[in-house]
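Asker: Sharing a structure, written as structure tokens. Questions coming.
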Amino acid sequence: MYISKKTNDEIIKIAEPIRMDVVEGSNKKSWEQHSRHMPEKIIQDEEIKKNVERQWREVAYLSTLSVEAELIGIIRKQESVTVCWKQFSTASKDEYLLKIRLEEIDGQIKQVSALLD
């Protein structure tokens, strides 16, 4: 079953622990935790890892994320969903849009992208 066929509650139950690992991994600048739910080919890609680590060094808000967030909604595509949250920072009053795209790969739900804007 495609993840897009799951109910909103089922998707949120899957997505929220992934969001927490992304947020906590970013705050700790831990690639291992940040990438825990990604497909193995992304986890092992040294260029992607270096790019994320560079962003943590250069963009302060990427490592000062609050564990609190407000769910905005779920965007469904045929084979994936994008879950969107209003994400907050512990260093400012700014609000950010966190989008995590989930896809079923080899029978497992994987985080194929995360974007904080």
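The values are calculated or read from the model by the stated rules, or taken from the named source; none is laboratory data. Because the structure is a prediction, the values reported are computed rather than measured. Cβ: placed from backbone, ideal geometry, glycine included. Neighbour counts: every protein chain shown.
Asker: Examine the stretch 54-62 for a residue that is hydroxyl-bearing (Ser, Thr, Tyr), modelled with pLDDT of 95 or more and surrounded by 12 or more Cβ atoms within 10 Å (Cβ to Cβ), and state whether such a residue exists.
Answerer: No.
Asker: Condition first: touching a helix residue (DSSP H, G or I) at 6+ places or on another chain (Cβ under 8 Å) and of a type in the set (Lys, Arg). Can you find one or more residues in the stretch 71-79 that meet it? Give the steps one after another, and end with the answer.
Answerer: Narrowing the stretch 71-79 to residues touching a helix residue (DSSP H, G or I) at 6+ places or on another chain (Cβ under 8 Å): 71, 74, 76-79.
Narrowing the set further to residues that are of a type in the set (Lys, Arg) leaves 76-77.
For the stretch 71-79, residues touching a helix residue (DSSP H, G or I) at 6+ places or on another chain (Cβ under 8 Å) and of a type in the set (Lys, Arg): present.
Asker: Taking interchain pairs and intrachain pairs at least six residues apart, which have beta carbon atoms under 9 angstrom, with the first residue in the stretch 6-29 and of a type in the set (Asp, Glu) and the second assigned to a helix (DSSP H, G or I)?
Answerer: Close Cβ pairs satisfying both conditions: 10/3; 21/33; 21/34; 24/33; 24/34.
Asker: Could you tell me how many of the residues in the stretch 36-63 are within 30 Å of residue 107 (Cα to Cα), free of Cβ contacts under 8 Å to residues at least 40 places away in the same chain and not basic (Lys, Arg)? So that I can check it myself, show each step before the final result.
Answerer: If we filter the stretch 36-63 for residues that are within 30 Å of residue 107 (Cα to Cα), which is where we start, we get 36-53.
Still in the list and also free of Cβ contacts under 8 Å to residues at least 40 places away in the same chain: 36, 40-41, 43-53.
In the following step, the residues that additionally are not basic (Lys, Arg) were identified as 40, 43-48, 51-53.
Residues flagged as within 30 Å of residue 107 (Cα to Cα), free of Cβ contacts under 8 Å to residues at least 40 places away in the same chain and not basic (Lys, Arg) within the stretch 36-63 amount to 10.
Asker: Can you name the residue in the stretch 1-39 that is assigned to a helix (DSSP H, G or I) and at pLDDT below 95 and, of all such residues, is surrounded by the most Cβ atoms within 10 Å (Cβ to Cβ)?
Answerer: Only one residue fits best here, namely 3.
Asker: Continuing with this model, one more query. Just the residues that are part of a strand (DSSP E or B) and exposed (fewer than 13 other Cβ atoms within 10 Å of the Cβ), please, taken from the stretch 73-94. Break it down into steps so the answer makes sense when it comes.
Answerer: First, the residues of the stretch 73-94 that are part of a strand (DSSP E or B): 73-76, 80-89.
Across the stretch 73-94, the qualifying residue is only 73.
Asker: Pick out the one residue from 105, 100, 75, 109 that is touching a Pro at 6+ places or on another chain (Cβ under 6 Å) and aliphatic (A, V, I, L, M).
Answerer: Every option except 105 fails the conditions.
Asker: Same structure, new question: Only one of these conditions is not met by residue 97: (1) modelled with pLDDT under 95; (2) within 13 Å of the chain's Cα centre (by Cα); (3) surrounded by 12 or more Cβ atoms within 10 Å (Cβ to Cβ). Which number is it?
Answerer: Of (1) modelled with pLDDT under 95; (2) within 13 Å of the chain's Cα centre (by Cα); (3) surrounded by 12 or more Cβ atoms within 10 Å (Cβ to Cβ), only one is false for residue 97: (1).
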